[in-house]
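As structure tokens, the structure follows; a few thoughts come after it.
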Amino acid sequence: MTREELLQKWLDHSLSPQELEAFKKLEDYEELIQMDSALQYFKAPEIDVEAAYNAVQKPVQKDTSKPTAWLRPLLKIAAILIIGFGTYFYATQPTLTTHETVVANKTLIKLPDTSEVSLNAVSNLSYDEDAWNETREVNLEGEAYFKVAKGKTFSVVTDKGIVTVLGTEFNVKQRNDLFEVCCYEGSVKVTHNATEIVLKPGDRYLILNGKEFRTEEENLKEPTWIRNESSFKSLPLLEVIQEFERQYNVTVEAKNIDTSQMVTGSFTHTNIDTALQSITLPFNLKYQKKQHTIILKRD
């Protein structure tokens, strides 16, 4: 049996008693055992030692059949260093816990501190659970409603801005060129570029196409999408259409329709025809359903 075959069986822990005796007679047996002992405490993917050795050996070896006596142990040390650095890099990377929703789907998430997050359709939430006791921080793409347990500073990081609280209830929506934060309880600090804004219950902060708006909304206890209804206040029709697509898993065609028109209204998530009427009637539009496509037309 060749040396390579013995090495492979040793790595697979499948050596027979006779093969084990042959393996022990290899000239570098002691070095292999020492390396195995040094690496057994690392938590990392399995690595083929011989492959790592050969990868280092190939570009620097002058004679592929008989490397010089001093080069062989040097190459083995280099292989061990490569494995060690790779193992360290793997072990020190943060292990993120990720929750993701698809179209027409919502989910409720319990965070390590008992905080609750309702994640709307087509959204992504991630956090480092190992570092949670030091930093309560989540990354959000999409829309989520937070009920934050009291404690250390809690931060929601998005591409458009950072929302910071101690313990409160608020909604964060980040979709394309829209960034919206609504406060329902307590207070919320929103950081966007170099600007910091504090929101109180009923306050709404909006960035739409690069423009900032701050308004006071009606005194709701939670966002309406939690109750399967999407509501909009002075937002373009395009935003309404895109949210409709997320909630019903369809594609909407709106050719020759001015989707920049501002909308204040809502639509239900439980009946597609009722929802379409809520969207089309105010603009005197008609709709046609074609498999998974909705075609909007002028009346």
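The values are calculated or read from the model by the stated rules, or taken from the named source; none is laboratory data. Everything numeric here is computed off the predicted structure, so don't read it as measured data. For neighbour counting, all protein chains shown are included, and Cβ atoms are generated from backbone atoms with ideal geometry for every residue, glycine included. Surface areas here come from the heavy atoms of the whole protein model, side chains and all, with no ligands, DNA or RNA. Shrake-Rupley method; radii C 1.70, N 1.55, O 1.52, S 1.80 Å.
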*Qualifying trypsin sites (Lys or Arg not before Pro) in the stretch 148-188, DSSP loop, other Cβ atoms within 10 Å at most 15*: Lys150, Lys152
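Starting from the Cα-Cα distance between Arg3 and Val198, subtract it from 0.36 nm times their residue separation and give me the gain in nm to one decimal.
This chain segment gains 63.3 nm when fully extended.
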*Rounded to whole Hz, the Karplus (6.51, -1.76, 1.60) HN-Hα couplings of the stretch 285-296, x for glycine and proline*: 10, 10, 9, 10, 9, 9, 6, 9, 10, 10, 9, 8
*Give me the percent of the accessible area of the stretch 158-227 that comes from carbon and sulfur atoms, probe 1.4 Å, all protein chains in place.*
45
*Provide the per-residue ³J(HN,Hα) series for the stretch 100-108, in order, calculated from phi with Karplus coefficients 6.51, -1.76, 1.60 and θ = phi - 60°, each as a whole number of Hz, with x at glycine and proline positions.*
9, 10, 9, 4, 6, 9, 10, 8, 10
*asked:* If you average the C-alpha positions of the stretch 204-220 and of the stretch 223-297 separately, how far apart do those two centres end up, in angstrom?
replied: 21
_Over 21 Å between Cα atoms: which of Lys173/Lys290; Lys173/Lys211; Lys173/Lys200; Lys173/Lys255 fall into that group?_
Lys173/Lys290; Lys173/Lys255
_Projected label distance in nm at Ser126 and Glu141, using a 7 Å step from Cα toward the beta-carbon_ = 0.8
*Under a plain spin-label model, where a point goes 7 Å from the Cα along Cα-to-Cβ, how far apart in nm are Asn249 and Gln261?*
3.0
*Once amide H atoms are built 1.01 Å from N in the peptide plane, which residues 5 or more positions from Phe154, or in another chain, come under 5 Å H to H?*
Val165, Leu166
_Give me, ordered by chain and number, the residues 5 or more places off Leu15 or on other chains with an amide H under 5 Å from its own placed amide H._
none
*All other residues with a Cβ under 9 Å from the Cβ of Ala121 taken together, and with Lys, Arg as +1 and Asp, Glu as -1, what is their net charge?*
0
